[in-house]
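Report on the following structure.
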Amino acid sequence: MMKIKFWGVRGSIPCPGPYTMKYGGNGACMELRVEGRKEVIVIDAGSGVRELGNSLVKNELRNGPLEVALYLSHTHWDHIMGFPYFTPIYIPGTMLKVHGPVTYEDDPLEDVVGGQMKYRYFPINVGELSANIKYERLREEPGRDLGGGLILVTKFLNHPITALGYRFEHQGKVFCTCYDHEPYRNLFITDPNHPEYDEGMAYEGEQVAEEQNRAVEEFFRGADLLVHDAQYTDKEYQDKVNWGHSTFEHAIAAANRAGVKKLALFHHDPDRSDAQIDEMAKNYCQPRKYGDTEVFFATEGTEIVL
């Protein structure tokens, strides 16, 4: 059994306030519990990780030192900004393993994540933390045995910096993340009337884009739960190409093609109000309107058991 809880569902920047109270205004953070495993798995450390940390200290510290494995999808600030406010890092005995990709070869993950905890930015230096923290840089891997029957598959996604999707498999159940991610597209000129058009390059670019999009769909094929980037509508996306995010339409179509059972639309735009999401849900979340996949908008506090 796996249990997933959403602690933050917004993208780009936290947006608390009266217009985001229903779906939540905190930045990306999810908690994964696996049956028979003491270690708590946390996916991303957006502002939502603060409440998760407080909950762990309040409800579980009495049972002994906390064991946490943090998996970062990537190191953009909205996905790591909650790290300095994650209370367990200040508690002696906490065992924290931080996993994630980094873009620049000369910058280890420890420096990227801990770099925000310098006196010029924050009153406590990363070297003053009491927890036992270890860092591991991740790349794309077909399957890693995490012990206890839990398998992790990682997949590179399409974002302005290196980003990873995570696929957790346990006892026949599959939980997948696919954010921050934008569909691959042909980067070569495709207009035959353009003076620099090259038919061979245009064809090759199209083939590569299709191949990469198929690979991402294979990564989350058959997932019981897929949490997918869905920050924009198709219309909004026209002005956001290359920003590294997907549309509702793309996420739903891809999930249906891949036979996903449940799709959580995630990384809500910070300017999207609860009322606007409610209206979109009437369209995008109608049962079987877009296929067999059950579609819903991710909401802070929601728990899903697989």
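Here, each number is a calculation from the coordinates, and none is a lab measurement. Here the structure is a predicted model, which means the values were calculated and not measured. In this analysis, Cβ positions are derived from the backbone assuming ideal geometry, glycine residues included, and neighbour counts consider all displayed protein chains.
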FRET efficiency for Glu279 and Trp77 from the Cβ-Cβ distance with R0 = 35 Å, rounded to 0.05, comes out at 0.70
Residues listed by number, region 94-114, amide nitrogen under 16 Å from Leu61 label point at 7 Å toward C-beta: 94-96
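Once you order the gyration tensor axes a ≥ b ≥ c over the Cα atoms, which shape class does region 1-114 get: rounded for a/c under 1.5, otherwise prolate or oblate by comparing a/b with b/c?
Here region 1-114 falls in the oblate category.
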Neighbour-count ranking for Met2, Met30, Met21, Met117 (other C-beta within 10 angstrom, fewest to most) reads Met21, Met117, Met2, Met30
In the structure displayed, which of Lys58/Lys173; Lys3/Lys289; Lys5/Lys262; Lys38/Lys262; Lys97/Lys173; Lys5/Lys134 lie more than 18 Å apart, Cα to Cα? Lys58/Lys173; Lys3/Lys289; Lys38/Lys262; Lys97/Lys173; Lys5/Lys134
Sorted by Cβ density within 10 Å, fewest first, the residues Tyr23, Tyr119: Tyr119, Tyr23
Run the simple label-point estimate for Ala215 and Asp292 please: 7 Å along Cα→C-beta, distance reported in nm. 2.7
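Taking the beta-carbon count within 10 Å as an exposure proxy, list Tyr121, Tyr232, Tyr184 from fewest neighbours to most.
Placing the least packed residue first, the sequence is Tyr121, Tyr184, Tyr232.
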Relative contact order of the chain (C-alpha contacts under 8 Å, at least 6 apart) in percent is 18
Is the shape of the chain best called rounded, prolate or oblate, per the rule: a/c under 1.5 gives rounded, else a/b larger than b/c gives prolate, else oblate, with a ≥ b ≥ c the square roots of the Cα gyration tensor eigenvalues? prolate
